Ligand code: HAM
């Protein structure tokens, strides 16, 4: 019987992990510049955490969660996203008590959604996300958006489109909600059963429906921006002013609604506009979630954040021809000509590695020519040859593969000699 990787998941082989690591380092470095610190939470949580925060009328909760009962009869869910777990950890560990507010956190790890597999959509994917919790300054909204754009731009991406919108505060959302019900109610029979259920419970979700996306009433639906009260409109203006101050270009899209219920005020997405990119163009999504902390039993702690998957990030790099170069450097390869030389080679290899030199040798009993070929394939900087004569003299031949020069170096001085050349 042949086993296969589960649908919607994939193995990352060494030819790919190099680019992943390059992107991960760039992300960590950017977070350091913005002073966001890493948080790691478990990959599963109590199911109710997600039904409450993400919202029980959303696609994620209704169709996409990996929920199971553990042996103790508790309902647990593999995290479909990172915001609810991070806010849970913020509340549980009383990070709101820290003198440094807002608390600025980032995470990188696997998320799980039972979605239909297609390019850029997986059932296990890795999200990098940030959450700034504890401030309701519009300037922090702009900072978070700028961090996301910065990560992409530092990686070399150019074909990006930042779309922003305001979902307003509770009062504005209620006014909009009423308008949506008035708009859809007369024709709700033409919509899918999910939308019919959503009409009274959460009509905003109708705008996010994948089935009824092309219904003519979708285009004429009342826009949230027309229902913003004065305070919400002023908040949005300030976010835009801060983005302008940072020199970040954006487009306002009044139809941008996000697929999770905890959002209010600022919502944003970053798309790839590259021709080579697939059908799903969203690289990153985020927004403000004032009230989420209270919703899950914590104190008032307004927050904003975003998440992007590394999978789509790499797809965008590929589409723009900006995949990072990722050759791992091998400083030295030892070619041993007989059994006795092999024993010495093992010893030398140990010494070199202890001195921080990346080194390797042949373990397949290959002939000299094949060993030289292996050294070439692995792009070794130097080849160290050990045979009968070298053992007798206690010194090896060291060939610099870049310029072809060769010299004889005592075994004990090999590490020193290699270090002085690199
Ligand atoms: P989201 O829009 O559901 O938001 O997901 C954010 C990003 O995760 C997407 O833009 C995409 O890059 C990636 N993503 C989502 N689903 C998949 C999938 N099936 N396969 C590959 N990539 C995927 C959130 O998750 C929020 N927690 C973001 C946030 C953080 N809002 C505030 N703070």
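Bear in mind these aren't lab numbers, they're just calculated from the coordinates by the rules spelled out. Keep in mind that what you see is a predicted model, and the values were worked out from it rather than measured. Don't worry about glycine lacking a Cβ; one is built from the backbone with ideal geometry, like all the others, and counts go over all protein chains shown.
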Roughly how many whole Å is it from the C-alpha centroid of region 267-335 to that of region 337-380?
40 Å
Based on the Cβ-Cβ distance of residue 241 and residue 69, what FRET efficiency does E = 1/(1 + (r/R0)^6) give at R0 = 45 Å, to the nearest 0.05?
0.35
Debye intensity ratio I(q)/I(0), log10, region 19-109, q values 0.13, 0.22 Å⁻¹ (C-alpha model):
-0.56, -1.09
Could you calculate the FRET efficiency of residue 370 with residue 34 from 1/(1 + (r/R0)^6), where r is the beta carbon distance between them and R0 is 35 Å, rounded to 0.05?
0.10
Each label point is 7 Å from the Cα along the Cα-to-Cβ direction; what then is the distance between the points at residue 249 and residue 419, in nm?
5.0 nm
Say a paramagnetic label sat at a point 7 Å from the Cα of residue 118, along Cα to Cβ; which residues of region 48-81 have their backbone N under 18 Å from it?
59-60, 63-64
What's the Kirkwood radius of region 59-135 in Å, using all Cα pairs?
14.3 Å
Nearest 10 degrees, 0 to 90: what angle lies between the long axis of helix 310-319 and the longest principal axis of the chain (Cα atoms)?
80 degrees
Helix 368-377 sits off the longest principal axis of the Cα atoms of the chain, rounded to the nearest 10 on a 0 to 90 degree scale, by 30 degrees
Taking the Cα of residue 211, stepping 7 Å toward and past its beta carbon, and measuring to each backbone N in region 23-61: which are under 13 Å?
59
Fewest to most neighbouring Cβ within 10 Å: what's the order for 232, 19, 328?
328, 19, 232
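Just how many % of Cα pairs in the chain lie over 28 Å apart, if you round to the nearest whole percent?
The proportion of pairs with Cα distances above 28 Å equals 59 percent.
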Using only Cα atoms, find the angle between the long axis of helix 230-245 and the longest principal axis of the chain, and express it within 0 to 90 degrees, rounded to the nearest 10.
30 degrees
Rounded to whole Å, give me the distance from the Cα center of region 143-180 to that of region 72-86.
25 Å
Sum -39500 (n - 2.57) across every DSSP H segment of at least 4 residues in the chain, then divide by the residue count to get the 222 nm mean residue ellipticity, nearest 500.
-11000 deg cm²/dmol
Given the Cα-Cα distance of residue 185 and residue 100 and 0.36 nm per residue of separation, how much length would full extension add, in nm?
25.8 nm
One finds the C-alpha centres of region 189-230 and region 88-105 to be spaced, in Å, by 35 Å
